[in-house]
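Trainee: Take this structure first; my questions come after.
Derivation of every value follows stated rules applied to the coordinates shown; laboratory data play no part. Predicted model only: the values in this text are computed from it and were never measured. Glycine gets a Cβ as well: all are built from the backbone with ideal geometry, and neighbour counts include every protein chain shown.
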Amino acid sequence: YLDGFDADDDWYLYSTSKSIAAYFYVSNNQILIGTERLDSAMGVIPSELSAKVTAARILASGVAMIWHGLQGNPKFMLDAARMQAKAKATIGEEINRHELMTNFIFALNRARQYKSAAQVAELLIKEPVQADSIEGLSEAYMATTFNELNNFARAETLARAALANFDHPVVAQRGGLELLIALSGLGKKDEAEALMVARNWKHTPADLLSTVTNQSILHAEALLAMHRDEAPYALALMK
């Protein structure tokens, strides 16, 4: 459906449809197709400023930030952020720095660029939370970063901070899973198992090796197995 618009008829509709399509493809790791759609979206935006030009630039630059983040290109991600900030400035809007940096950490985590994500996290912790930010989301994403860097104590603190503001379903889910991994990494077996029971996350050996597909639960169980000196089982779970 999104491919059905023609630039000659309406450049704005064409550019918007290509940006949205690029987001879908990039989010599903179809990077080459997403790149082509994003190039098409940017290629038809006129140079003369107007409300539609600004809107199209904001949308395309937002997708570009995600694209560069998932590719592990923090420099280009920052360039896209600057492009978006400049476009928003023309209509008197400011970038929500807290939200932007939270999105950077999410994208860098997805690209497995955890050291870069940790560098952004150190800056984000000092950044004031703005009123339109989702409470707890940044802490949940930062907990992911530090779990992947094996800094489980810090991840536990961040996950618990996220869950103190768990009204948003994404925060509740992600914060809970990161807390589970952190507890498992620290060898807090009883707390980890109690959390799995409370959240109805299956963790019997039969389920874990056959039907469970949640990577966070498998990660946590592998860490617990390592604390029990069950290396072969831990390896099977990681595989």
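Trainee: Identify, from the list Leu223, Leu235, the residue that is out of contact with any Gly (no Cβ under 6 Å at 6 or more places or on another chain) and either in contact (Cβ under 8 Å) with a residue 12 or more places away in the chain or over 21 Å from Arg154 (Cβ atoms) (or both).
Mentor: Residue meeting the stated conditions: Leu235.
Trainee: For residues in the stretch 123-178 being among the charged types (D, E, K, R) and surrounded by 22 or more Cβ atoms within 10 Å (Cβ to Cβ), which is farthest from the chain's Cα centre (by Cα)?
Mentor: In this case the residue turns out to be Glu156.
Trainee: If a residue counts only when it is among the polar types (S, T, N, Q), which helices (runs of 4 or more DSSP H) contained entirely in the stretch 132-185 have at least 2 such residues?
Mentor: On the way: elements: 137-148, 152-163, 169-185.
So the answer is 137-148, 169-185.
Trainee: In addition: Scan the stretch 186-199 for residues that are touching a residue at least 24 places away in the same chain (Cβ under 8 Å), of a type in the set (Gly, Ala, Ser) and either part of a helix (DSSP H, G or I) or crowded, with 24+ Cβ neighbours inside 10 Å (or both) and jot them down.
Mentor: Once the filter is applied, which keeps residues that are touching a residue at least 24 places away in the same chain (Cβ under 8 Å), of a type in the set (Gly, Ala, Ser) and either part of a helix (DSSP H, G or I) or crowded, with 24+ Cβ neighbours inside 10 Å (or both), the stretch 186-199 yields only Ala192.
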